[in-house]
Amino acid sequence: MRGATTIMLLGGLLFTARAEAAEVKVLSAGAVRAVVTEVADVFAKESGHSVKGTFGTVGVVRGKLAAGEPADVVIATDAAIDEMAKQGLVVAGTRTDVARAGVGVGVRDGAPKPDISTPDAFKQTLLAAKSLVYVDPAQGATSGIHFAGVLQRLGIADAVKDKTLLWPGGFAAEAVAKGQAELCVHQISEILPVAGVTLVGPLPKDLQKVTTYSAGLAARSAAPDAGRAFLVFLARPAFKAKFAAAGLDYKE
């Protein structure tokens, strides 16, 4: 009888645990996609909650959240999270900084690594390249907006316009891997995961943009407790090495 009671009790606990398990919907900037996906898998195994990620440029993330797309956790630039909190889209006080990303240059595996050590050297490399790709600034891409400004600053925006491929979103380095472009300029964390592409290095310091990526709880979250748990999980010190390996712990 006691054994039967124990089995019934365990069965009840198991049912309760399953009933409380939630799907955490993450609406995230693409720059942190690789490591967030990996960490989410660990979170799912430890917590019993599942995680569904949707990734895009920061502009796309903001637009989707404003349009009412279901989300529990939002990951974007720190400035974007703060702005969305002011708009009532993200719960104030839940911002959790998780990563720092720099912009870099990628070329196809086996290709000579061009000189990008100084602003002038980088300028000459861009002029000499047969083709280049970066994410379309019109999509609200952090690196795309910044690099468009760099081209203007270097005075070569018009000179490289006809040989530039504007990527709609996702990993622009895929264009290099496919032979569609010779050189890619993108967040380092979005160059490293692409097979067939080698990171040349970060932009010169004077032209660099370091972006802090932060997570926050969506105001209309359907699973706020699970969402808050995922925020805490992302900030675990044990994951710092994973973020660094993914190019998301940029240090000048």
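The values are calculated or read from the model by the stated rules, or taken from the named source; none is laboratory data. Keep in mind it's a predicted model, so treat the numbers as computed, not measured. Glycine gets a Cβ as well: all are built from the backbone with ideal geometry, and neighbour counts include every protein chain shown. Protein only, heavy atoms only, side chains kept; ligands, DNA and RNA dropped before computing areas. Shrake-Rupley method; radii C 1.70, N 1.55, O 1.52, S 1.80 Å.
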Q: Tell me, yes or no, whether the range 234-250 has at least one residue that is open to solvent by 40 Å² or more (accessible area, probe 1.4 Å), among the charged types (D, E, K, R) and in a strand (DSSP E or B).
A: yes
Q) Just checking, how many residues over the range 172-190 are closer than 16 Å to Ala138 by Cα and in a loop (DSSP other than H, G, I, E, B)? A) 1
Q.
So, Leu127, is that one of a type in the set (A, V, I, L, M) and farther than 28 Å from Gln208 by Cα or not?
A. no
Q. Inside the range 107-143, can you point out the residues that are open to solvent by 80 Å² or more (accessible area, probe 1.4 Å) and at pLDDT below 95?
A. Ala138
Q. Residues in the range 198-211 that are closer than 28 Å to Ala67 by Cβ, open to solvent by 30 Å² or more (accessible area, probe 1.4 Å) and part of a strand (DSSP E or B): how many?
A. 0
(Q) If Ala195 satisfies all but one of (1) in contact (Cβ under 8 Å) with a residue 24 or more places away in the chain; (2) part of a loop (DSSP other than H, G, I, E, B); (3) open to solvent by 10 Å² or more (accessible area, probe 1.4 Å), what's the number of the condition it fails? (A) (1)
Q | First in the range 138-161 and farther than 18 Å from Val103 by Cα, second anywhere and loosely packed, with under 13 Cβ neighbours inside 10 Å, Cβ under 9 Å, 6 or more apart | A | Ile156/Leu127; Ala159/Leu127; Val160/Leu127
Q: Check whether at least one residue in the range 144-159 is under 30 Å from Gly227 (Cβ atoms), touching a helix residue (DSSP H, G or I) at 6+ places or on another chain (Cβ under 7 Å) and either open to solvent by less than 10 Å² (accessible area, probe 1.4 Å) or assigned to a loop (DSSP other than H, G, I, E, B) (or both), and report yes or no.
A: yes
Q: Would you mind finding the one in Glu174, Glu190 that is open to solvent by 30 Å² or more (accessible area, probe 1.4 Å) and either in contact (Cβ under 8 Å) with a residue 12 or more places away in the chain or out of contact with any Leu (no Cβ under 8 Å at 6 or more places or on another chain) (or both)?
A: Glu174
